[in-house]
Every structure is written in structure tokens, then in C-alpha cells.
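The values are calculated or read from the model by the stated rules, or taken from the named source; none is laboratory data. Everything quoted here is computed from the prediction, not taken from an experiment. So basically every Cβ, Gly included, is an ideal-geometry build from the backbone, and we count neighbours across all protein chains shown.
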Amino acid sequence: MKKYNVVIVGGGSHRNPDLMAMLADNKDRFPIRRICLYDTESERQEIMGKYGEILMREYYPELEEFAYTTDPDVAFKDVDFALMQIRAGRLPMREKDEKISLSHGCVGQETCGAGGFAYGLRSVPDIIELVKMIRKHSPEAWILNYSNPAAIVAEATKRVFPDDHRILNICDMPIAIMDQYANILKCSRKDFEPRYFGLNHFGWFTHIYDKKTGEDLEPKIKELILSGEDLFKLSGVDEHTMEPSWIETYKFMANILRDYPEYLPNTYLKYYLYPKHVVETSNPNYTRANEVMDGKEKRCYEMMEEVIKLGKLKGTEYEIKPGRGVHASYIVDLACAIINNTNEIFLIITKNKGVIPNVDENMMVEVACRVGANGVEPLALDPIPTFYKGMMENQYAYEKLTVDGLFERDKTKLLQALALNRTVTDTDTAKAILDDLIEANKDYWGKYFK
Ligand code: G6P
Ligand code: MN
């Protein structure tokens, strides 16, 4: 069996211990020759790298090579799969995105609204640069990109690399939501074949088919959610289920469904359809970025420092329990679909090309696709109803104008983008937020819009 070379772009991410444990756990179906971490911040990554060395030594002795580097010429050579998750400006900039939006009375969120807008403008130049570097060394590599905000990132990569069919933009939110459905139905998300449409963090499940029988489980899922069934009976399915603010967001799906019973909503619709509620219940001085910095991220680095001191994982309290990182296993599922040409169904962000017949063919839609050795083939849908069409066209116009504004250095387009975003809408507010974001991002895109 062929062994693959994998690079993890964004080597310092606190999600990587789970990702690495998951790769080790899946060595039988996705055999790897080399794993390399790549990041621009060497000190942070070094801790991950030293932890990774121990993990691989103990749990993946078959691995021929494990490395970490800040040198793109080393990282991207002979790569088969690039797993890409970067955060330009890291969590301190996420904190600014969230707090600036809230200080103007608007939703302050990582990927939605004005926060997601600022983050998108930071992400896009880095992603483009990275894809170019990967392509220089590994023209054939599959780039599994889950960098945020994925909608804006996908719009930009589509424009800069229009013929590159080996860049797959994906998101784990539908996966995490399906894990919750599986919870209440007492099965596994692998038993489902979903149908879904929308933009990233902005979509709806139309059907959840039972893979074996073809039965549509969606009515049953809706009934259970509306009856107040606790989505979290089996907690610990993924990292989100441990976090109070995420639990709140999952629970809110029932409210959305009560008001809009047609389809099962993505959790992120909360921010677009209930912005007033979101702002009222947000703490403008302590946002999700603070929670992550003080919680998950801090715990992760403390744990790794401990393990490095001990020099081992096995036999310590940090030992990796079977099933760790199972949530992230969709990445291996995707890689396996490609290497084994299985044509299984995944939700991917891809160019519409008529798949949703009544919206722009260039729109980057998130839909069910078959994935195999030749890439992604989206499944065609019927025309979508007016409400969703209106929502998506408005949101896509916002995404498009964000990328236009960046590429053309056109501040008016950035203002238009923000004014279109459902979480902003008022022009004076949009102008004030834009000015603050430009100032806060002066080391990034802000410098072009002074
Ligand atoms: C989900 C989304 C990701 C997002 C993450 C944020 O997984 O799909 O796109 O980055 O949530 O989680 P956090 O714990 O950082 O708030
Ligand atoms: Mn996502």
C-alpha cells in the first residue's frame, strides 16, 4: 500500500494534538510516510513539534519521518496532502474582531458579520501565498483547506486558482451537527448521507438519508429536537460539546427550527437571523476568543509542556485514549475517498455551476458532493425557495464585495460589503466599524485603506 506525505499547515494550532492522534489512530486506512508541521511562528510550533515527536514515537512507530519547520521549501516538497488550517493574527486578532463589532452594537463573531469580514481580509493573502508555495513544490498535492472564514477564502481561491481542482475547501460544522443528530438517534454520523445547501456557515440540511435503507431521517430528527431532546446526552463526542458557549449555540438550533421549520439549520444561522438576541447575550469584554485563549489553547500548551518534561505519553495521565480526535476523522475520510476513489458523499464548498439552478453559477456553495480520485462532483438540486435564495444572494454579495474590495484596494466596496451583511446593515455603523477595523488591522490589510 502506498504511503503518503502529509504537511499540516498551521503547525502551532491547538487542534493539532487531536489531529495527530487521529492520524495515528487511522494508520491502517491512511498510511503515512512523513508528517511535517509548518508554521511561521517557530517558538510556538516547536512545542507542538516536540510533543508530536513523542506522540509519533509511541503511537505511530511505522511513520518514517516526523518533522517541523518554518521553511516552506522543506515543508512543501513532495507533499501528497496538505491539511491547511491557519489563523492569520491568531487569537488576539480574533479578540479584536469580536470586540470591535460588539462595541458598535453588532454581532462579534469569528467568521460571521464584521468580525468574519476582518478575519477574511487577513486570511486571504496568506492562503494565496501558501497555495502558491505548495504548488511550486507539489503541483499534484491535494489541499484540504479548512482555514476560516471558509466562504471568503473559497471565493478568493476560486478566483486566483480557477483551474486547480485539488483545492478542497471544507468545514467541520456540518460534521459536528451530524454528530449531534447521531447522538439523539443513537447511531453514528457515518450512517448518514446528508443533503445540504447554502454558503459556508450559512446553510441548511434538506435530507439526512440513512445510508443503508435510504430512509430520510430528517423528520425524525426535527421531531426530536423540537420535543426538547437533549442533543448532549452523550457528551464528549467532539470538542465543542465541552464548552458552555457552544452548547448554548447547539441548543439554539431548536429555536431556529421552531421559527423556520422547513429545513434543519446550521448553528451559525443564529448570528444572521437573531443578531439582536446575540448582541444582548454577548459579553463585550469577554468573548469567545477569550474563552479559547484562557481555556482550550492554554490547557493544550500546558499539557504539551508537561508531556515534553516527562518525555512520554504512555503510562502518564496524558496517555491517548482510543477514539481521541474522532471528530477530526472526517479529514481522513476525505483523504480515503480520494485515494480509494470511493465517491462517497461529503459536504464541500465548491463552485455552483448550476448545481443550485436559480442562483449565480459562480457562487461558492456548500453542497453534497461525491468525492473520488478525480475530485469533487456536486449533486444537482432543485431550485431553492425564495427565502433561502434571498438570504444566500445577499450573503454572497457581501462575500464577493469583501474579496473585490481587497483585490482592488477599494474601500467603497468594503463599505458596501459591510452594509450588506445582515449583522450590520446601517451605513453609519458600517463606516464606524470599518474605520476601527482598518486601524486594528494596520499591520495586515488595514494598511491599504488608510
Ligand atoms: C466550528 C467551525 C469552525 C470554527 C470553530 C470555532 O468548528 O466549523 O469553522 O473555527 O467552530 O470553534 P472555537 O472553539 O474556536 O470557537
Ligand atoms: Mn467551519
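Can you tell me which residue within the range 226-253, out of those that are aliphatic (A, V, I, L, M) and either surrounded by fewer than 18 Cβ atoms within 10 Å (Cβ to Cβ) or within 11 Å of ligand 1 (Cβ to nearest atom) (or both), is modelled with the highest pLDDT? Please lay out each step first, then the result.
At the first step, the residues of the range 226-253 found to be aliphatic (A, V, I, L, M) are 226, 231, 234, 237, 242, 247, 253.
Applying the additional criterion that residues be either surrounded by fewer than 18 Cβ atoms within 10 Å (Cβ to Cβ) or within 11 Å of ligand 1 (Cβ to nearest atom) (or both) yields 226, 234, 242, 247.
On the way: LEU226: 93, LEU234: 52, MET242: 71, ILE247: 85.
Residue satisfying both the conditions and the ranking: LEU226.
In the set ILE100, ILE128, ILE143, only one residue is among the β-branched types (Val, Ile, Thr), farther than 18 Å from LEU406 by Cα, more than 15 Å from ligand 2 (Cβ to nearest atom) and assigned to a helix (DSSP H, G or I); that residue is ILE100. Among the conditions (1) in contact with a helix residue (DSSP H, G or I) (Cβ under 7 Å, 6 or more places away or on another chain); (2) outside any loop (DSSP other than H, G, I, E, B); (3) under 21 Å from ASN441 (Cβ atoms); (4) within 14 Å of ligand 1 (Cβ to nearest atom), the only one that GLY116 does not satisfy is (1). When the range 274-290 is filtered for residues that are buried (at least 17 other Cβ atoms within 10 Å of the Cβ) and either among the aliphatic types (A, V, I, L, M) or part of a helix (DSSP H, G or I) (or both), the ones remaining, listed by number, are PRO275, VAL278, VAL279, ARG288, ALA289. Could you tell me whether the range 200-214 includes any residue that is more than 16 Å from ligand 2 (Cβ to nearest atom), part of a helix (DSSP H, G or I) and out of contact with any Cys (no Cβ under 8 Å at 6 or more places or on another chain)? No; the residues of the range 200-214 include none that is more than 16 Å from ligand 2 (Cβ to nearest atom), part of a helix (DSSP H, G or I) and out of contact with any Cys (no Cβ under 8 Å at 6 or more places or on another chain).
Just one of the numbered conditions (1) more than 16 Å from ligand 2 (Cβ to nearest atom); (2) in contact with a Leu (Cβ under 8 Å, 6 or more places away or on another chain); (3) in contact (Cβ under 8 Å) with a residue 60 or more places away in the chain; (4) not aromatic (Phe, Trp, Tyr) is not true of HIS165: (2). Inspection of the range 119-127 identifies at least one residue that is within 19 Å of LEU37 (Cβ to Cβ) and not hydroxyl-bearing (Ser, Thr, Tyr).
Scanning the range 146-162 for residues that are more than 17 Å from LEU401 (Cα to Cα) and without any contact (Cβ under 8 Å) to a residue 60 or more places away in the chain yields a count of 2. Figure legend. Inter-residue proximity from the range 61-78: first residues in contact (Cβ under 8 Å) with a residue 60 or more places away in the chain, second residues in a loop (DSSP other than H, G, I, E, B) and of a type in the set (Ser, Thr, Tyr), beta-carbon distance below 9 Å, spacing 6+ or different chains. Indicated pairs: PHE76/SER138; LYS77/SER138; ASP78/SER138. Screening the range 1-94 for strands (runs of 3 or more DSSP E) wholly inside it with 3 or more residues that are of a type outside the set (A, V, I, L, M, F, W, C) returns the ranges 32-38, 65-69.
Restricting the search to the range 98-130, which residues are of a type in the set (A, V, I, L, M) and crowded, with 22+ Cβ neighbours inside 10 Å?
ILE100, LEU102, VAL107, ALA114, ALA118, LEU121, VAL124, ILE127, LEU130
Can you name every residue in the range 147-168 that is within 11 Å of ligand 1 (Cβ to nearest atom) and either among the aliphatic types (A, V, I, L, M) or more than 19 Å from ARG94 (Cβ to Cβ) (or both)?
So the first thing to find is which residues in the range 147-168 are within 11 Å of ligand 1 (Cβ to nearest atom), and the list is 147-151, 153.
Within the range 147-168, ALA150, ALA151, VAL153 meet the criteria.
Taken together, LYS447, LYS442, LYS431 contain a single residue that is at pLDDT 95 or above, over 28 Å from ILE348 (Cα atoms) and outside any helix (DSSP H, G or I), which is LYS442. Restricting ALA337, ALA440 to those that are more than 21 Å from ILE152 (Cα to Cα) and touching a residue at least 12 places away in the same chain (Cβ under 8 Å) reduces the list to ALA337. Inside the range 389-399, can you point out the residues that are crowded, with 22+ Cβ neighbours inside 10 Å and of a type outside the set (Asp, Glu)? Result: MET392, GLN395, TYR396, TYR398. Taken together, the criteria exclude PHE192 from residues that are within 26 Å of THR386 (Cβ to Cβ), of a type in the set (Phe, Trp, Tyr) and touching a Leu at 6+ places or on another chain (Cβ under 8 Å).
Looking at the structure I just gave you, is ARG87 at pLDDT 95 or above, more than 19 Å from MET293 (Cα to Cα) and of a type in the set (Lys, Arg)? Talk me through it step by step, then tell me what you get.
Numbers: at pLDDT 95 or above: yes; more than 19 Å from MET293 (Cα to Cα): no; of a type in the set (Lys, Arg): yes.
So ARG87 fails the test.
Is it fair to say ILE221 is among the β-branched types (Val, Ile, Thr), part of a helix (DSSP H, G or I) and at pLDDT 95 or above? Criteria met by ILE221.
Pick out the one residue from LEU130, LEU144 that is within 16 Å of ligand 1 (Cβ to nearest atom) and within 21 Å of THR40 (Cα to Cα). Step through it out loud before you land on a result.
Numbers: LEU130 fails: within 16 Å of ligand 1 (Cβ to nearest atom).
Unique residue meeting the criteria: LEU144.
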